[in-house]
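The values are calculated or read from the model by the stated rules, or taken from the named source; none is laboratory data. Just so it is clear, the model here is predicted, and its values are computed rather than measured. Here the Cβ is made from the backbone with ideal geometry for all residues, glycine too, and neighbour counts use every protein chain on show. Each accessible area value is taken on the protein alone, full model and side chains, heavy atoms only, with ligands, DNA and RNA left out. Shrake-Rupley method; radii C 1.70, N 1.55, O 1.52, S 1.80 Å.
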Amino acid sequence: MPITNSTVHRLAIFASGAGSNAQQIINYFKGSKHVTIALIVCNKPNAGVVNIAAKKNIPLLMIEKENFFRGNAYLNELRIHKISFVVLAGFLWKIPELLVNAFPNKIVNIHPALLPKYGGKGMYGHFVHESVLANHETESGITIHFVNENFDEGNHIFQATCPVLIDDTPDTLADRIHLLEHKHFPEVIGQVLLNTKD
Ligand code: GRF
């Protein structure tokens, strides 16, 4: 892939849903000399991303709340896997300050709306799309941003838009947003990595 600096980035993908974004990212960086998907981190044993990790032979770290929020946020495990960069792809827990500080400007998230609108605690998945439709927006989209200690508030890296159609349901809008995510997220991660030193 078009990463040309000499750093080798070892990515952890945090995901707890179907994992379609994780899958796209894995495919995009397959065979890259500069980017390795070194770990999948998940908090839901039955999430689709668990099967993706198994199929692709990527180590899986299952995490639980107590350790994540009151322990060391699995920092030791991330260090053991030599993780240098974290991608949140459908991960719903807030990232503890400990991790934010350990990975300064090295954690990115994707949000299925045009932040700062439709972000914050509880604004995920269909809740986002339902609110967009309830407000009769004519446009929605995606935001890729750095992660800080507040939900959906880190600096924006990239946004892309799509129309909201008059007969959209939360599901049809979600499908359109997913396509946009799959198209842009891997490439934007690649761009950010170009400007990231370990
Ligand atoms: C995506 O829509 C993403 O924006 C949000 O969670 C969803 C994850 O979907 N943060 P998937 O698990 O990657 O299919």
Of all residues in region 95-118, which are within 21 Å of Val188 (Cα to Cα) and away from the ligand (no atom under 15 Å from the Cβ)?
Val100, Phe103, Pro104, Asn105, Lys106, Pro116
Given (1) assigned to a loop (DSSP other than H, G, I, E, B); (2) within 16 Å of the ligand (Cβ to nearest atom); (3) over 17 Å from Val188 (Cβ atoms), number of the condition Lys33 does not satisfy
(2)
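Name the residue that is nearest to Lys117 (Cα to Cα), counting only residues in region 147-169 that are open to solvent by 40 Å² or more (accessible area, probe 1.4 Å) and touching a helix residue (DSSP H, G or I) at 6+ places or on another chain (Cβ under 9 Å). Can you show your working first?
Narrowing region 147-169 to residues open to solvent by 40 Å² or more (accessible area, probe 1.4 Å): 148-151, 153, 155-159, 161, 163, 165-167, 169.
Subset that is touching a helix residue (DSSP H, G or I) at 6+ places or on another chain (Cβ under 9 Å): 148-149, 157-158, 161, 163, 165, 169.
Numbers: Asn148: 17, Glu149: 18, Ile157: 16, Phe158: 15, Thr161: 13, Pro163: 16, Leu165: 18, Thr169: 19 Å.
This residue is Thr161.
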Give the number of residues within region 127-146 that are among the hydroxyl-bearing types (Ser, Thr, Tyr), open to solvent by 30 Å² or more (accessible area, probe 1.4 Å) and closer than 19 Å to His184 by Cα.
0
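For Ser84, indicate whether it is open to solvent by less than 20 Å² (accessible area, probe 1.4 Å), in contact (Cβ under 8 Å) with a residue 12 or more places away in the chain and more than 28 Å from Thr36 (Cα to Cα).
Working: open to solvent by less than 20 Å² (accessible area, probe 1.4 Å): yes; in contact (Cβ under 8 Å) with a residue 12 or more places away in the chain: yes; more than 28 Å from Thr36 (Cα to Cα): no.
When the stated conditions are applied, Ser84 does not pass them.
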Restricting region 95-109 to residues that are part of a helix (DSSP H, G or I) and touching a residue at least 40 places away in the same chain (Cβ under 8 Å), which is farthest from Ile25 (Cα to Cα)?
Glu97
Can you tell me which residue is nearest to the ligand (Cβ to nearest atom) among those in region 44-94 that are touching a Pro at 6+ places or on another chain (Cβ under 7 Å) and either closer than 22 Å to Glu187 by Cα or part of a loop (DSSP other than H, G, I, E, B) (or both)?
Ala73
Only one of (1) within 11 Å of the ligand (Cβ to nearest atom); (2) among the small types (Gly, Ala, Ser); (3) under 20 Å from Trp93 (Cβ atoms) does not apply to Gly141, and that is (3)
